[in-house]
1. Restricted to the range B:357-377, and to residues that are among the aromatic types (F, W, Y) and more than 7 Å from chain A (Cβ to nearest Cβ), which residue is farthest from A:D31 (Cα to Cα)?
2. Within the range B:387-404, is there a residue that is touching a Gly at 6+ places or on another chain (Cβ under 7 Å), of a type in the set (D, E) and surrounded by 20 or more Cβ atoms within 10 Å (Cβ to Cβ)?
3. So in the range B:314-351, with the set limited to residues that are in contact (Cβ under 8 Å) with a residue 60 or more places away in the chain and either at the interface with chain A (Cβ under 8 Å from one of its Cβ atoms) or in a loop (DSSP other than H, G, I, E, B) (or both), which one is farthest from B:S141 (Cα to Cα)?
4. Inspect all residues belonging to the range B:231-251 and state whether any of them is surrounded by fewer than 16 Cβ atoms within 10 Å (Cβ to Cβ), more than 14 Å from chain A (Cβ to nearest Cβ) and either within 30 Å of B:S110 (Cα to Cα) or free of Cβ contacts under 8 Å to residues at least 40 places away in the same chain (or both).
5. Within the range B:81-193, which helices (runs of 4 or more DSSP H) (wholly inside it) include 3 or more residues that are surrounded by fewer than 24 Cβ atoms within 10 Å (Cβ to Cβ)?
6. Kindly list the number of the only condition in (1) in a loop (DSSP other than H, G, I, E, B); (2) at pLDDT 95 or above; (3) touching a strand residue (DSSP E or B) at 6+ places or on another chain (Cβ under 8 Å) that fails for B:I277.
7. Restricting to the range A:42-97, name every residue that is touching a strand residue (DSSP E or B) at 6+ places or on another chain (Cβ under 8 Å) and either within 8 Å of chain B (Cβ to nearest Cβ) or closer than 15 Å to B:R387 by Cβ (or both).
8. Given (1) in a loop (DSSP other than H, G, I, E, B); (2) more than 7 Å from chain B (Cβ to nearest Cβ), identify the lone condition not met by A:D31.
Amino acid sequence: MSIRITNEEIRHIALLARIGITPAEIDLIRDQMSEILKGFDILNNVDVEGIRPTGHSVDLKTVTREDKARESQSIEDTLLNAPHRQNEFVRVKPVLE
Amino acid sequence: MNSLDSKELINLTLQKAGSLLKNREISSVELTRAFLERIHNVDDKIKAFVTVTDDVAIRQANAADARIASGDIKPLTGIPMQLKDNIITSGIRTTCSSKMLSGFVPTYDSTVTKRLYGHGAILLGKGNLDEFAMGSSTEHSAFFPTRNPWDINRVPGGSSGGPTAAVAANECIFALGSDTGGSIRQPASFCGIVGLKPTYGLVSRYGLIAFASSLDQIGPITKDVTDNAIVLNTIAGHDPNDSTSIPYKVPDYTKALGKDLYGVHIGVPKEYFIQGIDTGVANVIHQSIAILGSLGATVEETSLEHTDNALAVYYIIAPSEASANLARYDGVKYGFSSDHPGNMWETLEHTRKDGFGDEVKRRILLGTYALSAGYYDAYYLKAQKVRTLIRRDFEKAFKRFDALVMPTSPSVAFKLGEKMGNPIQMYLNDILTLPANIAGIPGISVPAGLSDGLPVGLQIMGKPLGEETVIRIAHAYEQAIKFRGNHQPSPI
C-alpha cells in the first residue's frame, strides 16, 4: 500500500482535532487513512474549471429574525449536564498556567 | 371493547391502529402495553432500544385516551413510536449511542419530537445507532450492535439500525431516523420496511444532534408507504429554529396514495447498476422496473455521469463537517469528561480519546486533514465543486423524468463482523444512497422482494420537494407486489 500520509502528519492532525492517540494506534490509523485518501484520487480526473462550489443543496439566503429578547434556558438547566460545576459556574482546569 | 390480542395489536399498521383508536375499538393504553410487553420479550435478542421509556409511554397513552374521549384525535394520537437516539428528548437520556453522551439528558425537545408529542404520539423509547450516526451496520454503537429481525446473525444496516429493526420486529408502529448518506434508506432496505429521506430542509433539524449539517435530514421509518405519508404530514414544514428549513406550504402527502402511474416518466440511471452489485439484488430490481412499467409508467434508461465521484465527495464533505460539529465535545459543558490528572489540554485529548469510538475518531481525523492548511483546496473545495456537478446531473435528469429508480443497497443484509475490520468496505454500502444527500433530493426505500430469503429495497429518488411523486410511485408499487402481506420475518 502506498503511504499517503506520514506518522508526523497523523500526530499533527490529532493535535489539531485534540484527540489523544497512542503510539500503538498510529500505524493502523496511517494505513487506513492512506487507503481512504487513495480513493479520493478519482476526483483528480474531474474538470471543475469555472464550477462554483456547493455548500448547501438548498440555495440559502441569510435568515434573520426580529431582534427581540426571548426567554432563554435557566442557569440550572444550562448547567444540568456539566460534568464539573461550582455554584452557578462550570468548573474547568486552569487555561493559563 | 378489546377484540384483538397483543400479537394482533403489535402487527397493526399506523393507519389501521389509528382507525381502531378513533372508533374506540382499542385504547392507546392497551396498544402501548402490548408494545412494551413485546419490547421486554424480544429486545434482548434484537437490541433495537438504547432506552425504553415505560413510564413516559403509559402516561402519554393515558393522556391520549383522554384526548380521544374528548373527540380530539389526529392521525398519530395514541400511536406508539421509537425515536433514533440522536433526536433529543427533554428529560430523556439522548446518547447518540456514544460514551461521550451516555449520561446526557436534554433540557428541551427537538422540533420533530415537539410536533409528534403535539399530535399525541407515544414515546416507547430511543433507538440504537452507529455512534453519532457514522456507519452502515449499527455495529459502531458504543453500547451493543442491533440485530436484523430477518436473521439475527446479520446486521440491520445503519446508522438507523435500531429504528428499522424495531419497526420490522413489531417493537413499535413507526420510528424516526436520520439520513446523512443513506442511514434511513439502507437499513429500511435490509429490514424489509419503508424509509424516506425527505428533501433537505423539508423537516427541521432543530434538536437533531449534528453529524454533517449540509447532508443530515430526519425522516419516517414505517411498515408501509401509507404510514410513511401520514408521519411525513406531521413532521414536515418550516421551523424558525432551523435556518436551513424551507418556507414551504406542505401538501397532504396521503393525497399521493392510491394513484396509478400513467403519465409518470421514470429514469433508470445505468451507473447505479455497478460492478459489485449482488446478482440477486439486481434481479429483484429489474423485476421491479418491469412492474413499474406494467403499472403505466414510462421507464427509460438514463445516465448520471458524475455518479462515480459521489463516494469520494461524500467521504470528504461529511467528515469535514463532522470534524467541525464534533469539536464541541470538550467534557466541559456536557458529556463525558476524562478524570485524567493532566492539564487542560491533556485532559481534553483524553476526553476525546476515551469518549469517542474508532469510527468517529477516524472521521474527525479525516475531516480535520481535509480542512487543514495546504489540503483545503485539494480536498474540501474540490469536493464542493464536484458536488455542484452531481447536483447538475440530477437537475438535468429531472427535466426529463419525474423520478429515478435504482437499488437502495448493492447487497442484502450482511453478517455481523463481516465488514468491521475494513472501513472502505463499510463505506461502499452507501454508494447508491449518498448521491441523494449530496444533491439534497428526496429518496425512499420500499421493499421490492427477497434475495436468499433477505429483503431487497427499491430506491426511488425525486425532484427537490418531489415527495408526492416519490410516495405515489412507492405506493403504487407496494400495492402491486404486496410485500408485507406475503413476507414477514420469522417469529422472534
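The values are calculated or read from the model by the stated rules, or taken from the named source; none is laboratory data. The structure displayed is predicted, hence computed values, not measured ones. Here Cβ is always computed from backbone atoms with ideal geometry, including for glycine, and neighbour counts include all displayed protein chains.
1. Let us first name the residues in the range B:357-377 that are among the aromatic types (F, W, Y), namely B:369, B:375-376.
Of the ones still in play, those that are also more than 7 Å from chain A (Cβ to nearest Cβ) are B:375-376.
Values: B:Y375: 18, B:Y376: 21 Å.
Checking each candidate, the answer is B:Y376.
2. Taking the range B:387-404 first, the residues touching a Gly at 6+ places or on another chain (Cβ under 7 Å) are B:397, B:400-401, B:403-404.
Of the ones still in play, those that are also of a type in the set (D, E) are none.
For the range B:387-404, residues touching a Gly at 6+ places or on another chain (Cβ under 7 Å), of a type in the set (D, E) and surrounded by 20 or more Cβ atoms within 10 Å (Cβ to Cβ): absent.
3. So the residue we want is B:I316.
4. Yes, the conditions are met somewhere in the range B:231-251.
5. Fully inside the range B:81-193 and qualifying: B:111-118.
6. So the condition that B:I277 fails would be (2).
7. As a first pass, look at the range A:42-97 and keep what is touching a strand residue (DSSP E or B) at 6+ places or on another chain (Cβ under 8 Å): A:79, A:82, A:84, A:91.
Of everything in the range A:42-97, those that are touching a strand residue (DSSP E or B) at 6+ places or on another chain (Cβ under 8 Å) and either within 8 Å of chain B (Cβ to nearest Cβ) or closer than 15 Å to B:R387 by Cβ (or both) turn out to be A:A82, A:H84.
8. (1)
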